[in-house]
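Peer 1: The structure under discussion is supplied below as structure tokens; questions concerning it will follow.
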Amino acid sequence: MNQALVQDVVSEVMRRLGHRAPGGNGASTTHRVPTGVRAGEDAPANEPQRRATYARPHDAGVPVGQHGVFERVDDAVGAATEAQKKLVRLSLDDRDGIVKLIKSMARENAQAWGRIELEETKIGRLDHKIEKLQILELVPGVEFLRTDATSGSNGLCIEEYAPFGVIGIITPVTHSIPTLSANAINMIAAGNSIVANPHPNGTHCAAVAVREYNRAIAAKYGIDHLITCIVPPTLETADQIFNHRGIPLLVVTGGPAVARAALGAKKRAIVAGPGNPPVVVDETACLRNTAESIVKGGAYDNNLLCIGEKQVFCVESVFDKLMAQMEKAGGYVLNDRQVETLTKQAFKVDPKDNKHHVNKDLVGKDASVLADLAGVRVPPATQLLAGETDKDHLFVQHEQMMPFVPFVRVKSADEAIELAIESEHGYRHTALIHSRNMENVTKFGRRANVTVFVVNGPSMSGLGLGGQGYLSYSIATPTGEGITTPLTFTRYRRVMMTGSLRMI
Ligand code: NAD
């Protein structure tokens with residue numbers, strides 16, 4: 001055991017002893033059941049699951065009050081404010097060093113952190129949890145900061161990009177450590193510090209990463225608490241972050257409820273909201289590449305990615321051939337009865353609104369688990385299930401985040417484009433097309449008007465994995481900043497040297 005770990009264990013034991021309830025039941029602050037409503041459990045269809053989450057105390061498993069892990073929002077904001085003041089006093093080279101340190105730690109700890117994230121959240125796939133941490137290398141750092149200058153008869157005008165200060169972030173359960181880490185890289189590169197309210201079901205892994213990052217940054221650069229997180233996170237602590245005077249900017253990554261809450265906040269919010277990415281396939285597509293791409297993208301982390309392929313609209317002339325290719329590419333095609341059996345498990349009607357909602361118990365589960373529920377045994381190597389449905393099917397219209405992708409047979413590319421746009425519900429998030437007909441590609445791209453548009457490849461290529469371009473796990477859709485970079489988290493500032501400093 002190393003010295004730091006021994007200290008942690010001792011301080012945690014002392015803290016728990018210190019907080020022993022009068023009745024002596026050993027309850028500590030990290031083990032109590034908070035009085036607030038837990039953030040994220042907002043789907044009425046999952047009421048039983050919500051109660052279970054509530055009843056299970058979220059033990060972050062890391063000492064509170066040290067290395068960025070705080071119980072109270074005020075304490076986190078106070079510590080992050082001090083840390084940010086120190087950060088901006090460092091040279092840009094040191095800031096670059098911190099960013100590189102975070103990237104190298106994510107890479108070195110990818111196996112361990114991927115595993116603890118999967119154990120805690122119980123959604124997704126270990127190989128992809130690990131890869132999502134390894135590819136943080138692709139997130140841009142200080143090199144994205146730039147100074148613009150114009151000189152002329154009236155002197156020199158310099159435009160620079162300054163930090164906001166402390167940024168309040170909300171992160172999703174689908175990528176708890178990756179989102180926290182990518183946000184940290186971008187935001188610290190831009191000179192900011194962070195207060196995070198993670199998803200309750202991804203709190204422990206987030207807190208472990210926060211502690212390790214801060215420890216390493218403090219040891220090398222003398223700044224602790226640059227990345228802070230609230231344990232346990234609740235809707236109340238989210239609200240406190242939304243309304244805190246010490247936090248000038250919010251960055252929210254999540255589904256419809258939190259996106260709505262952030263858009264209604266009284267301060268600037270950058271919102272990375274939900275998606276429901278459609279795939280259009282026309283008669284000119286290379287069907288082998290199409291099937292391989294859909295399996296790769298739709299199966300990635302069991303379809304947890306917000307950019308992941310969620311429904312396919314394929315022209316009838318190549319529909320059956322595409323389905324045959326799906327089986328060759330690692331997919332398994334369910335028959336109609338199996339699709340309907342699975343649908344009954346995957347969606348539940350909430351008596352309150354009489355509407356279907358995604359059964360969160362099945363989100364991010366393996367294809368074999370879904371296949372069992374559909375009443376079929378699939379080969380162990382099966383990555384993705386597919387099946388024919390109509391255009392109004394629940395699997396088409398809901399962002400289901402499961403490794404089952406519905407395929408809709410359509411008459412023409414125009415019909416595919418029409419229905420694809422409808423199914424995206426105006427999120428303006430991601431859309432994909434497989435086609436060698438540039439007119440169809442252009443038409444769909446123009447009309448879909450999404451933030452990420454992928455042509456002839458898997459969805460992840462739109463985030464730099466097997467494609468060009470940089471990575472971020474926060475794709476700001478309703479607020480329009482797109483795939484976030486350090487510049488997204490800066491304030492524009494101008495310096496005008498009137499009448500001087502033009503040297504030529
Ligand atoms: P979620 O909406 O259940 O939770 C996201 C975060 O918001 C969690 O931290 C949660 O605790 C918090 N939250 C939920 N309701 C809240 C409220 N009313 N007030 C304050 N905080 C609240 O989503 P999830 O299941 O964790 O993640 C999946 C969703 O996130 C999908 O819809 C996916 O498309 C979206 N997502 C988007 C991006 C993007 O870059 N655009 C990236 C990842 C995930």
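The values are calculated or read from the model by the stated rules, or taken from the named source; none is laboratory data. Worth saying up front: this structure is predicted, and the values here are computed from it rather than measured. So basically every Cβ, Gly included, is an ideal-geometry build from the backbone, and we count neighbours across all protein chains shown. Side chains included, ligands, DNA and RNA excluded: accessible areas come from the protein's heavy atoms. Shrake-Rupley method; radii C 1.70, N 1.55, O 1.52, S 1.80 Å.
Peer 1: Picking from V281, V295, V312, which residue would you name as being at pLDDT 95 or above, crowded, with 23+ Cβ neighbours inside 10 Å and touching a Phe, Trp or Tyr at 6+ places or on another chain (Cβ under 6 Å)?
Peer 2: When all the criteria are applied, what remains is V312.
Peer 1: For D361, only one of the following conditions fails: (1) more than 16 Å from the ligand (Cβ to nearest atom); (2) within 26 Å of the chain's Cα centre (by Cα). What is its number?
Peer 2: Answer for D361: the failing condition is (1).
Peer 1: Let me ask something else. With (1) part of a helix (DSSP H, G or I); (2) under 25 Å from L126 (Cβ atoms) as the list, and K365 as the residue in question, which single condition is left unmet?
Peer 2: All conditions are met except number (1).
Peer 1: When S368 is evaluated against the numbered criteria (1) farther than 24 Å from L304 by Cβ; (2) free of Cβ contacts under 8 Å to residues at least 40 places away in the same chain, which criterion, by number, is the only one it fails?
Peer 2: (1)
Peer 1: Which residue pairs have Cβ atoms under 6 Å apart, sit 6 or more places apart or on different chains, and have a first residue in the range 464-485 that is closer than 19 Å to V258 by Cα and aliphatic (A, V, I, L, M) and a second that is open to solvent by 20 Å² or more (accessible area, probe 1.4 Å) and near the ligand (Cβ under 10 Å from one of its atoms)?
Peer 2: Short answer, once both residue conditions are applied: I475/T451; I475/I483.
Listed here are the residues, each with its yes/no results for (1) part of a loop (DSSP other than H, G, I, E, B); (2) open to solvent by 30 Å² or more (accessible area, probe 1.4 Å); (3) within 16 Å of the ligand (Cβ to nearest atom); (4) in contact (Cβ under 8 Å) with a residue 60 or more places away in the chain.
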residue	(1), (2), (3), (4)
D414	no, yes, no, no
E418	no, yes, no, no
G445	no, no, no, no
M460	no, no, yes, yes
R493	no, yes, no, yes
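Peer 1: Determine the pairs where a residue that is more than 21 Å from S472 (Cα to Cα) and part of a helix (DSSP H, G or I), located within the range 245-267, has a partner that is within 11 Å of the ligand (Cβ to nearest atom) and open to solvent by 20 Å² or more (accessible area, probe 1.4 Å) with Cβ atoms under 7 Å apart, the partner being 6 or more residues away or on another chain.
Peer 2: Hits for this filter: A257/D42.
Peer 1: I've got another one for you. Considering only residues that are assigned to a loop (DSSP other than H, G, I, E, B) and modelled with pLDDT of 95 or more, look in the range 59-77 and name the one that is least open to solvent (accessible area, probe 1.4 Å).
Peer 2: G68
Peer 1: If only one of V405, V450 is among the β-branched types (V, I, T), open to solvent by 10 Å² or more (accessible area, probe 1.4 Å) and either within 27 Å of G202 (Cβ to Cβ) or in contact with a His (Cβ under 9 Å, 6 or more places away or on another chain) (or both), which one is it?
Peer 2: Residue meeting the stated conditions: V450.
Peer 1: Here's something else I'd like to know. Report, ordered by the first and then the second residue, all pairs with beta carbons closer than 7 Å, sequence separation of six or more or different chains, a first member in the range 133-155 that is within 25 Å of R491 (Cβ to Cβ), and a second member that is open to solvent by 70 Å² or more (accessible area, probe 1.4 Å) and in a strand (DSSP E or B).
Peer 2: Final answer for the pair search is T147/E160; N154/T498; G155/M496; G155/T498.
Peer 1: Does E160 count as in contact (Cβ under 8 Å) with a residue 60 or more places away in the chain, away from the ligand (no atom under 16 Å from the Cβ), open to solvent by 60 Å² or more (accessible area, probe 1.4 Å) and part of a strand (DSSP E or B)?
Peer 2: Judged against the criteria, E160 is a match.
Each row is one residue, and each column tells you yes or no for (1) away from the ligand (no atom under 16 Å from the Cβ); (2) outside any helix (DSSP H, G or I); (3) in contact (Cβ under 8 Å) with a residue 24 or more places away in the chain.
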| residue | (1), (2), (3) |
| --- | --- |
| N289 | yes, no, yes |
| N302 | no, no, yes |
| C314 | yes, yes, yes |
| V318 | yes, no, yes |
| T341 | yes, no, yes |
| V349 | yes, yes, yes |
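Peer 1: May I ask you to say which residue of T179, T174 is closer than 23 Å to G246 by Cβ and hydroxyl-bearing (S, T, Y)?
Peer 2: Exactly one residue qualifies, and that residue is T179.
Peer 1: If you don't mind, there's one more thing I want to ask. Would you say G375 is under 23 Å from V315 (Cα atoms), without any contact (Cβ under 8 Å) to a residue 60 or more places away in the chain and more than 24 Å from the chain's Cα centre (by Cα)?
Peer 2: No, not satisfied.
Peer 1: Being small (G, A, S), without any contact (Cβ under 8 Å) to a residue 40 or more places away in the chain and within 13 Å of the ligand (Cβ to nearest atom) is the requirement here; does A196 meet it?
Peer 2: yes
Peer 1: Within the range 98-109, is even one residue part of a loop (DSSP other than H, G, I, E, B) and either open to solvent by less than 10 Å² (accessible area, probe 1.4 Å) or on the phi > 0 side of the Ramachandran plot (or both)?
Peer 2: Taking every residue of the range 98-109 in turn, none turns out to be part of a loop (DSSP other than H, G, I, E, B) and either open to solvent by less than 10 Å² (accessible area, probe 1.4 Å) or on the phi > 0 side of the Ramachandran plot (or both).
Peer 1: Restrict the check to the range 465-486 and report whether at least one residue is open to solvent by less than 70 Å² (accessible area, probe 1.4 Å), of a type in the set (S, T, Y) and assigned to a helix (DSSP H, G or I).
Peer 2: Looking through the range 465-486, none of the residues is open to solvent by less than 70 Å² (accessible area, probe 1.4 Å), of a type in the set (S, T, Y) and assigned to a helix (DSSP H, G or I).
Peer 1: Right, next: For residues that are open to solvent by 10 Å² or more (accessible area, probe 1.4 Å) and among the aromatic types (F, W, Y), scanning just the range 209-260, find the one that is nearest to the ligand (Cβ to nearest atom).
Peer 2: Restricting to residues being open to solvent by 10 Å² or more (accessible area, probe 1.4 Å) and among the aromatic types (F, W, Y), the top hit is F242.
Peer 1: Checking the structure you have, find out if any residue of the range 199-206 is out of contact with any Ser or Thr (no Cβ under 8 Å at 6 or more places or on another chain), away from the ligand (no atom under 11 Å from the Cβ) and not in a loop (DSSP other than H, G, I, E, B).
Peer 2: Yes, the range 199-206 has at least one match.
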